[in-house]
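Single-structure report; data block below.
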Amino acid sequence: MSDPATILVCEDERHLRNDICEELSEAGYLALCAGDGLQALEMLKDTQPDLILCDIAMPRMDGRALLQTLRAEHSALDAVPFLFLTAFGDRADIIDGKMRGADDYIVKPVDYEVLLATIAAHLRQVRRVASARPAEKAVEAARTALAEAESGAWAALDRLSQGIILLDPAGHVLHANAIARALCQPGSGLRLDEGLRAEVEPARLREALAEALSGGASTAVAPVPLVRPDRGQGPILLLSRLDGSSGQGAAVMVLIVDPARRAVPDPDLLRRALGLTPTEARISSLLASGLRSDAIAETLGVSPTTVASHLKSVFAKTETHRQTDLVALLLALSAIPSSE
C-alpha cells in the first residue's frame, strides 16, 4: 500500500484548523498543521508535503506572503499544489491569488465534500504529470535492452526487473520476458495468450493498444492503470510504439509496472546513474524501499535534519520537486540491469 499523501494545513483559527486536519485524517491523508506562514516555513525545512492548504489572512506571515516566499525561494516545492483557504471569495480576489501562483481556492465556510474532492483532483493531476518522466526513463531502458537483443534471442529483455511484452503489428504477443509472464498470472488483472488482455475493464486496454498500433507518435508513452479482479489497484502499463527498425517486426512495447511489487535499485547503481554521494545513494535506496524520512534517520543512526539535507541535494541532482516524483524515478531505475 502506498504512503498517504501529506497535506500541510496553514490556518490561524485553531478550531477550524483542527476540524480540517481531522477531516483530512479521516479521509486517509497525513495532515500537518501550522498556525501561520512562519510556522509553515519552519515545518517545510524537514517536510515535503504533497499539497498545501493555506489561509490568506493570518498574523506574522499571511498566505500571500507565504506563497510568494515559496515560489521565489523554494523551487523544490514548485510542483506542490497550493490552495488558498479564504473568506475572500469574490472574482477579483480569486484572479489575484491565481496570478500570484495559487492553484485553486477553497471558500469559507468550508464545504468538506468540496474540499476533499478538490484536493483529490489536484493530487491526481500531479500524479499524471509526475508519471511521464520516470515512465519515459523506464521505457528507454527497455528500448536499450531491446536494441542489444540478438535476432530471435531475448536474453537482454530477461535481465530487466520490469515486465516487458512485445506485440507485432496485429497485436499478437511476439515475446514476453519472464517477469511479464509472472505478472500475468490469474488474479493479476492481466491475461497473456495470443494477445494481451485485461481481466477488468478490457475495453480500456483494447483502446490503448489499438491507438498504439494505429501508427501514432513513435516515442509516445501512454500510461494505462488497470484494476485487479478484487477491485484493488492493478498494474500500470506503459505503451510505447516501436519504429520499423526494432527487431523481429515488433510494433509495440508494453512495460508492466506493478505497484505491489517494488523493485528497489541498488545504492551503487543510484550513485553511478545519478551522480549521488554514497550517503545520498543509500538514503535514496531506503526512500524507494518505502521508508519515511524519520525511519531512514533511525536506520542510519543520523538526525532527521541530516536526512532532509541529503534529500534536498538529491532533489537538485535529479531535477525532481516532489518526493513521490523522486521515488517514481528511483523505482524506474530498477529497470536498468546492473553491470556484471
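At 0.36 nm per residue, and after removing the present C-alpha to C-alpha distance, how many nm does the segment from VAL302 to ALA203 gain when stretched out fully?
Additional length available on full extension: 30.6 nm.
Take ASP168 and GLU42, extend 7 Å from each Cα along the Cα→Cβ direction, and tell me the distance between the two endpoints in nm.
Reported label-point gap for ASP168 and GLU42 is 6.8 nm.
Quick check: Cα centre of region 1-45 to Cα centre of region 57-89, how many Å?
Cα centroid to Cα centroid, the span is 14 Å.
Would you kindly derive the ³J(HN,Hα) couplings of region 187-193 from the backbone phi angles with the Karplus curve 6.51 cos²θ - 1.76 cosθ + 1.60 (θ = phi - 60°), listing them in order in whole Hz, with x for Gly and Pro?
Coupling constants for region 187-193: x, 7, x, 10, 9, 10, 10 Hz.
Cα atoms only, region 14-75: Rg and Dmax in Å?
Considering region 14-75 through its Cα atoms, Rg and Dmax are 11.8, 33 Å.
Find how much the distance from LEU116 to SER309 grows on full extension, using 0.36 nm per residue of separation minus their present alpha carbon separation; answer in nm with one decimal.
Result: 66.3 nm gained on full extension.
With θ taken as phi - 60° and the coefficients 6.51, -1.76 and 1.60, list the Karplus ³J(HN,Hα) couplings across region 21-32 in order, rounded to whole Hz; mark glycine and proline as x.
Karplus values, whole Hz, x for Gly and Pro: 5, 5, 4, 5, 5, 5, 7, x, 8, 8, 9, 10.
Computed from the coordinates by the stated procedures, all read-outs in this text should not be read as laboratory data. Note that this is a predicted model, so its numbers are computed, not measured. No Cβ is skipped: glycine too gets one built from the backbone with ideal geometry, and neighbour counts run over all protein chains shown.
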